[in-house]
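Okay, so here's the structure we're looking at.
The values are calculated or read from the model by the stated rules, or taken from the named source; none is laboratory data. Since the structure is predicted, the reported quantities are computational estimates derived from the model, not experimental observations. Here the Cβ is made from the backbone with ideal geometry for all residues, glycine too, and neighbour counts use every protein chain on show.
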Amino acid sequence: MRFLQIRVQFSPDQEMLMLNDNVMRINRESLLTDTLEYLRQNTHSFYHQLQVVFIGENGIDWRGLSAEFFTLLSQSLLKWEKRVLEVHENSLVWFNPDHTQGNRDFYYLGVICGMALYNHHYIDINFPLALFKKLLKLSPTLNDLEELSPVEARNLKNLLEEDEDVVDILFLNFTVKGQELIPNGGQIQVTKVNRQKYVDLYVDFVFNKSVKNQFKHFSSGFSKGCPLKIWRMFHPEELQELLQGSPKYEWQELQTLASYERCSASDELIKNFWTVFFEFSEENKKKFLMFLYGRNRVPVGGFSMCSLKICQSDGPDPDDRLPEAQTCFGRLILPKYSNINTLRNKLVHAINFCKVFGRG
């Protein structure tokens, strides 16, 4: 794709990276609070690469820790008690229009998203395409509303197709959720003549008017967090993928790209590993990605952009040991388990409960 070629240019200056002192030290238990406190200090140089240290852990951030940081931070943002974001029925996420007293909250949300983009990491938040259109100063459409809120969009599309007498008996006026779309909108009935205007204003209300201040501060923060403005040359779909990763999980591709150390694809241990992996549910496969890479999103360009090396560990008592991951290098260290059931149990335990980094 076009933006895979462009992304080579979309990198921090190498001389600046040598001067990097952007080290964020955070606790897992208070990750969001610590992140916001760090950003409020105004000591971060956004042109420099971010380095993350989890307090109490000895992992070194060769991108694996910071990748996990943004994934975990995304989850914290979705659970933020201030309810900055709201999750729609299709799992897409939009700004909370009722959150009107915390503009700085949206600013820091934007900063975090911009930092993820600048540092070539992914945000695990399903923003709709409309957000990326707005960042690129393009107008969302009824099709964008259909992505975010299918029921609302379906009702509006039906309104555009109804006969005149049906439109009249719907008794709609130019208001949405008690808000007037135009002056005296509560007194103006929707008719066959003006229904297209009503639909256009409805879409504008959802994506623009109702979240005007929220987006204004988010956009300001996004530009701060990603100081290189080359992102403005992307199409909305490309910018979305750069921030959120590819939506395609081609799991077979992961097996194809794998290389092996102290073992081979024909060994029983490796055959058992892939048997167990492909038995996993989609959720557990994504947990495996998180365990191995510190993120559960697929890179732009697919798994072919990843490195996966499976190394057989020849230590004593393999059935008593868990798999390990060197997340920064995509390296899975697999004890030589005696049977497939042991491998399955140990791997499931590792991807669900081993969250502390001892290897960068």
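Details
- Test: PHE132 is among the aromatic types (Phe, Trp, Tyr) and either at pLDDT below 95 or in a helix (DSSP H, G or I) (or both): yes
- Where a residue in segment 201-213 is farther than 16 Å from PHE106 by Cβ and its partner, wherever it lies, is in a helix (DSSP H, G or I), with Cβ under 7 Å and at least six apart: TYR202/LEU156; VAL203/LEU142; VAL203/LEU145; VAL206/LEU145
- Set LEU254, LEU322: member being aliphatic (A, V, I, L, M), in a loop (DSSP other than H, G, I, E, B) and in contact with a helix residue (DSSP H, G or I) (Cβ under 6 Å, 6 or more places away or on another chain): LEU322
- Residues of segment 102-118 classified as outside any helix (DSSP H, G or I) and surrounded by 23 or more Cβ atoms within 10 Å (Cβ to Cβ), total: 0
- Only one of the numbered conditions (1) part of a helix (DSSP H, G or I); (2) within 30 Å of GLY110 (Cβ to Cβ); (3) of a type in the set (Lys, Arg) is violated by LYS285, and that is (2).
- Residues that are under 15 Å from LEU308 (Cβ atoms) and free of Cβ contacts under 8 Å to residues at least 40 places away in the same chain within segment 263-276 comprise SER264, ALA265, TRP274, listed in sequence order.
- Residue match in segment 85-96 (condition: exposed (fewer than 15 other Cβ atoms within 10 Å of the Cβ) and over 21 Å from ASP144 (Cα atoms)): no
- Residue that is farthest from ASN96 (Cα to Cα) [pool: residues in segment 147-167 that are free of Cβ contacts under 8 Å to residues at least 40 places away in the same chain and surrounded by 17 or more Cβ atoms within 10 Å (Cβ to Cβ)]: VAL167
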